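To keep things clear, I will list the structure first and then write my remarks on it.
The values are calculated or read from the model by the stated rules, or taken from the named source; none is laboratory data. Predicted model only: the values in this text are computed from it and were never measured. Neighbour counts run over all protein chains shown; Cβ positions are idealised from the backbone, glycine included. For accessibility, only protein heavy atoms count, side chains too; no ligands or nucleic acids. Shrake-Rupley method; radii C 1.70, N 1.55, O 1.52, S 1.80 Å.
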Amino acid sequence: MAGQRSAAVMNRFFLLATALLVAGCDAIPSDPDGTLDRVRGERLFRVGLIASHTPPPDGAGNLLQRLSRATGAKAAVERGPAEALLTRLEEGDLDLVLGEFAEQSPWAAQVTLSDPILANGPIVLAAAARNGENAWIALIHREARAVASAAE
Amino acid sequence: MRRAIPAEIEADLRRAVRLEWWTIAWMISIITLIGLAMGSSQAMKTAWVEDVLSLIPSLVFLLAVHFERKAPTERFPYGYHRVNSLAFLVAAVALSVMGTVLLVESGLSLIRAEHVTIPPVQILGKDIWLGWLMVAALAYSTVPPVILGRMKLPLARRLQDEVLHTDALMQKADWMTGLAGIAGIIGIGLGYWWADAVAAGIISFSILHDGITALRIAVAELADGAPRELGSTRLEEEGEALKARLLELYPGAQVRLRDSGRFIMAQVCGASSPGAVDLDSLWPGKPERSWRFAQLSFAPRETEDFSA
């Protein structure tokens, strides 16, 4: 008896999962704090550029252009030191931080780093986003990869 | 004491050993898949730890059967029947400790409001959200344990084997943890950051629950408790009936029974030994289970009355 019931529950569950899989590919993943929706709505995303370079490396500009095109939003860029920008990113005051990170950066647990946009030995140019904003992070990952492969 | 493994259970025991080897092989495939898709999800990590821990009962069972077949030696004159209980206690402690650690961990990540990142990964040049791979791995992980658990349960009853019984019950219930994990991942996908930690909490609670159940059973047996029902702390009917039968045969004597592995040992105090006894003929239950009554010994009456 209990076995039949649990089998029925499982069947229904797999049906539900399949339905979600089909219907949800656009809605999943989405952002707990709604970053991507806000960027699209306000047509603006706030970028921190870690101020170790003047002028900024090509890859950084390319990534911002591609993100603008994908979201229809403008990048508001400000420069600053790494710790300050990343702390503000964690608190949600910035949407993206661009800069050079060590491949084993300790920041990798606090924020989410993209794959390297430009690799120069153990220090790589990468984009950082706030943890858990999975739709926004998916977009950044995709565009960062596109920039990296265009540069090769 | 009769021979180490009664002929009646030899075939079932061999089948159980084979099933446990299959369990280990399937679980390793699940552990590998979940490990590959784990990412930074707490629910996935907890599910992975649970799958690793679920190897313990299988290993304990195989180890115990290996020892049980050994004849008593000068150094271990009672044989090795209780290696089983000892190993079971160790497994129960491991489960309880891990369950507690993981429960605390998932509670902490809820309190800290940790937002879990699940990034996309590239497979064959296409971006796919890692969450979907996690869901697929978890869905796969629910199937083999449920089937194996169902196959082991009747064997465990016939063999009167606590380790095998606990293993079968844990596996039978395993689909629920897979389901909790999937709900957690889909929850994150829908933008609920707390879904992952809540799912992890549910899974770790089930680990802790398994651990505590196993702990109670192992302790009862190691402390020479009266025979219990499988997977429970209730006294067993077959044991109670045997005790009544012995009291009837030896009026005025004191009778006590204890579990030793899958066997029942009885001691009659205050009656003199009648010489050779056919244990099977004394067994009050079904004849195919008379092998459980493995030893009857006689001793002088004790001053303390324990039969009350």
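Of these, B:Lys45, B:Lys70, which one is open to solvent by 20 Å² or more (accessible area, probe 1.4 Å), within 27 Å of the chain's Cα centre (by Cα) and within 17 Å of B:Gly184 (Cα to Cα)? Talk me through it step by step, then tell me what you get.
Values: B:Lys70 fails: within 17 Å of B:Gly184 (Cα to Cα).
The conditions single out B:Lys45.
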Taking B:Ile56, is it within 23 Å of B:Glu221 (Cβ to Cβ) and either open to solvent by 20 Å² or more (accessible area, probe 1.4 Å) or of a type in the set (Val, Ile, Thr) (or both)? yes
Enumeration of residues in the stretch B:106-124 that are of a type outside the set (Val, Ile, Thr), farther than 17 Å from A:Ala144 by Cα and facing chain A (nearest Cβ under 7 Å): B:His115
Strands (runs of 3 or more DSSP E) contained in the stretch A:42-152 and holding at least 1 residues surrounded by fewer than 18 Cβ atoms within 10 Å (Cβ to Cβ) and more than 17 Å from the chain's Cα centre (by Cα): A:74-80, A:96-102, A:118-120, A:123-130
May I ask you to verify whether B:Leu215 is touching a residue at least 40 places away in the same chain (Cβ under 8 Å), under 18 Å from B:Leu53 (Cβ atoms) and in a helix (DSSP H, G or I)? yes
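So which residues in the stretch B:225-250 are assigned to a loop (DSSP other than H, G, I, E, B) and more than 26 Å from B:Thr213 (Cα to Cα), if there are any at all?
B:Tyr250
Only one residue in B:Leu62, B:Leu102, B:Leu153 is within 14 Å of chain A (Cβ to nearest Cβ), crowded, with 16+ Cβ neighbours inside 10 Å and more than 17 Å from B:Ala218 (Cβ to Cβ), so which one is that? Give the derivation first.
Details: B:Leu62 fails: within 14 Å of chain A (Cβ to nearest Cβ); B:Leu102 fails: within 14 Å of chain A (Cβ to nearest Cβ).
Exactly one residue qualifies, and that residue is B:Leu153.
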Taking first residues from the stretch A:115-140 that are at positive phi and second residues anywhere that are open to solvent by less than 50 Å² (accessible area, probe 1.4 Å) and assigned to a loop (DSSP other than H, G, I, E, B), the pairs with Cβ under 8 Å that are 6 or more apart or on different chains are A:Gly132/A:Asp31; A:Gly132/A:Pro32; A:Gly132/B:His115; A:Gly132/B:Val116; A:Gly132/B:Thr117
Assess whether B:Ala168 counts as being assigned by TED's automatic domain parsing to the domain that holds B:Ser58 and modelled with pLDDT of 90 or more. yes
Do we find a residue being of a type in the set (A, V, I, L, M), open to solvent by less than 10 Å² (accessible area, probe 1.4 Å), closer than 23 Å to B:Ala91 by Cβ and under 17 Å from the mean Cα position of the chain (by Cα) anywhere in the stretch B:210-229? yes
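Return yes when B:Glu105 is without any contact (Cβ under 8 Å) to a residue 24 or more places away in the chain and acidic (Asp, Glu) and no when it is not. Step through it out loud before you land on a result.
Details: without any contact (Cβ under 8 Å) to a residue 24 or more places away in the chain: no; acidic (Asp, Glu): yes.
Against the criterion (without any contact (Cβ under 8 Å) to a residue 24 or more places away in the chain and acidic (Asp, Glu)), B:Glu105 does not qualify.
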Report yes if some residue within the stretch B:123-146 is out of contact with any strand residue (DSSP E or B) (no Cβ under 7 Å at 6 or more places or on another chain) and in a strand (DSSP E or B); otherwise report no. yes
